[in-house]
Amino acid sequence: MTGPVVQKGLKSRQQTFNLANYVDSRGRALLRFLRPVLILCLAAPVLSACVSFGGAPSLSGLAPGAGASIGQREHPRVVAAYGGRYRNKKVEALLGDVTKRLVAVSSTPGQNYRLTVLNSPVVNAFALPGGYLYVTRGLLALANDTSEVAAVLAHEMAHVTENHAFQRQQRAQQAKLVNKVVTDVIADEQEGQIALTSSQVSLASFSRGQELAADRIGVEMMAKAGLDPYAAARFLTSMGRFSRFRADSLSSNANSPNFLASHPATPARISQVIDTARAFPAQSNQVKERAHYLDAIDGLTFGDDPSEGYVRGRAYLHPKFGFSFELPVGYTLENTSEAVLAADKNGTAMRFDGVEIPAQQSLVDYMGSGWIGGLIPSSIEGKTINGLEAATADARAKGWRFRIIVIRLRGATYRFLFANADEITDLKADADATLASFRRLGRVERAKLSPLSLKIVKVRNGDTVSSMSAQMEGVDRERSLFLILNGIQEGAQLRQGSLVKIVVD
């Protein structure tokens, strides 16, 4: 969380923050409340780019040849949206070399590419028209050798060379026209819905086809460049494992089937890239490649950037704004640029963010000023927590219970929103325990905080998965994360002399 977030409608008493909007018709917390989508753009739609963050570049009116100007226009927005550029000379040199090798064997060897490493912990890679390529440091942390990163870059370059952005824009415009005709002309609601669904399925199928095509072309490029063609399958497997790891952390249903998903299921993609790879001999030295790659990412920042505060287990600490709090046992925290999110296995979700309100307005008055839909006015209560002004209240909406907390520190106002659908969970106890933990950070504490990073270590005689993962610092479920980060399956034995990644504070 970069700082107090002023959300539209929250400063005006006439505009209501309706808690019912955070719950969908099936009684599940909306993703925008519970957690941001874990963007895995190698497994996501690509508008000649896997851009799927809020405020994505508009490709309206895109035509062949217009890509360079669009990429140039949108590049600053993309970099800003992902926390800026991550600078690391070793990483940049490695990626530059890989890109050159891939360009040389591509169908458009004259195409110029501009590669940017983004300072974001999310696992993401995408491209913009005009040859703008992006990878996040989160993706680099997940990859285990040069060929795995090359698989990502080759996939994205394929979207550029095949002009998928323009093709998808054309198909989207056709679908939009069909939708308008259906809405305006077909009077029968059921028949109209069938037609609309057919149009949507057609567009989704077209996008899935682009993803599969980019996978196939990417594997072929890698083989021609002398890289390991099976690396795409390895990285897709790691992405799937990491996605499930994150989904389990936040009790979300991220793996439930979605027929209109704009990308094929990971197993289907893994099967295809393996089939494609079988047509080519393995030429690369995987052990040497892995050592070279791990040397480049040794010391890579892992997880949160200092500007967004730090998650340490169940605690959140922000050195710049000088505060910390801790969730009760059982909660898993996730930090995003907009808010800090958490969930437990009992179905309780938590959101923490900031809002600007007039300094002269009391928090009790603010709580009852009309910005909460479903508020129970009699539940509003003013408090003093660790010398700080605070207020709490309850609300109900669509069968969900909410516990709302606001607290003021150094002129900034912060908000906690806890939610659960059942009547058994002690929502108040969890929320109030979290509030009681909210405190100022001292100067020494703030100075000692630093980001996590990757450390590359050599496996010694007698080392095991348990002993190596026990060295991990500042993360939850160390053993599971160690296995995923190193592409190791449960039950496998570590080989003496091999290199592995661990996370250190």
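Going by the structure shown, is Gly303 more than 23 Å from Ser243 (Cβ to Cβ), surrounded by fewer than 22 Cβ atoms within 10 Å (Cβ to Cβ) and touching a residue at least 60 places away in the same chain (Cβ under 8 Å)? Taking the combined requirement at face value, the residue does not satisfy it. For Glu326, the test of being within 24 Å of Arg246 (Cβ to Cβ) and at pLDDT 95 or above is passed. Any idea which of Arg246, Arg241 is at pLDDT 90 or above and within 18 Å of the chain's Cα centre (by Cα)? Selected residue: Arg241, the only one of Arg246, Arg241 that is at pLDDT 90 or above and within 18 Å of the chain's Cα centre (by Cα).
Filter the range 465-477 down to the residues that are in contact (Cβ under 8 Å) with a residue 12 or more places away in the chain and touching a helix residue (DSSP H, G or I) at 6+ places or on another chain (Cβ under 9 Å) and list them by number. Those that are in contact (Cβ under 8 Å) with a residue 12 or more places away in the chain and touching a helix residue (DSSP H, G or I) at 6+ places or on another chain (Cβ under 9 Å): Val465, Ser466, Met468, Ser469, Gln471, Met472, Val475, Asp476, Arg477. Please go through the range 478-491 and give me each residue that is touching a residue at least 60 places away in the same chain (Cβ under 8 Å) and among the polar types (S, T, N, Q), ordered by number. Residues satisfying the conditions are Ser480, Asn486. Given Leu375, Leu452, which one is within 22 Å of Glu326 (Cα to Cα) and surrounded by 21 or more Cβ atoms within 10 Å (Cβ to Cβ)? Result of the check over Leu375, Leu452: Leu452. Which residue is surrounded by the fewest Cβ atoms within 10 Å (Cβ to Cβ), if the candidates are limited to the range 110-125 and must be hydrophobic (A, V, I, L, M, F, W, C) and under 18 Å from Ser238 (Cβ atoms)? Among them, the one singled out is Val122.
May I ask you to verify whether Ala421 is in contact with a helix residue (DSSP H, G or I) (Cβ under 6 Å, 6 or more places away or on another chain) and assigned by TED's automatic domain parsing to the domain that holds Ala315? No, not satisfied.
Residues that are small (Gly, Ala, Ser) and in contact with a Phe, Trp or Tyr (Cβ under 8 Å, 6 or more places away or on another chain) within the range 345-360 comprise Ala349, Gly354, listed in sequence order. Among the residues of the range 451-496, those identified as charged (D, E, K, R) and within 22 Å of Met239 (Cβ to Cβ) are Asp476, Arg477, Glu478, Arg479, Glu490. Just one residue in the set Thr434, Thr392, Thr425 is modelled with pLDDT of 95 or more and either surrounded by fewer than 21 Cβ atoms within 10 Å (Cβ to Cβ) or part of a strand (DSSP E or B) (or both); that residue is Thr392. Which of the residues that make up the range 464-487 are over 21 Å from the mean Cα position of the chain (by Cα) and surrounded by 18 or more Cβ atoms within 10 Å (Cβ to Cβ)? Within the range 464-487, Val465, Met468, Ser469, Met472 qualify. I'd like to check something: does the range 436-451 contain any residue that is touching a strand residue (DSSP E or B) at 6+ places or on another chain (Cβ under 6 Å) and within 30 Å of Gly497 (Cα to Cα)? Yes: the range 436-451 contains one or more residues that are touching a strand residue (DSSP E or B) at 6+ places or on another chain (Cβ under 6 Å) and within 30 Å of Gly497 (Cα to Cα).
Would a scan of the range 212-231 turn up a residue that is more than 27 Å from Ala104 (Cα to Cα), modelled with pLDDT of 50 or more and not in a loop (DSSP other than H, G, I, E, B)? No, that holds for no residue. The residues of the range 442-466 that are closer than 19 Å to Arg477 by Cβ and hydrophobic (A, V, I, L, M, F, W, C), listed by number, are Leu452, Leu454, Val465. Flag: Lys458 matches the condition of being more than 27 Å from the chain's Cα centre (by Cα) and at pLDDT 95 or above.
Considering only residues in the range 488-498 that are over 27 Å from the mean Cα position of the chain (by Cα) and aliphatic (A, V, I, L, M), the one that is surrounded by the most Cβ atoms within 10 Å (Cβ to Cβ) turns out to be Leu494.
The values are calculated or read from the model by the stated rules, or taken from the named source; none is laboratory data. Here the structure is a predicted model, which is why all the values come from computation and not from measurement. Quick reminder, even Gly has a Cβ in these numbers, built from the backbone with ideal geometry, and neighbours come from all protein chains shown.
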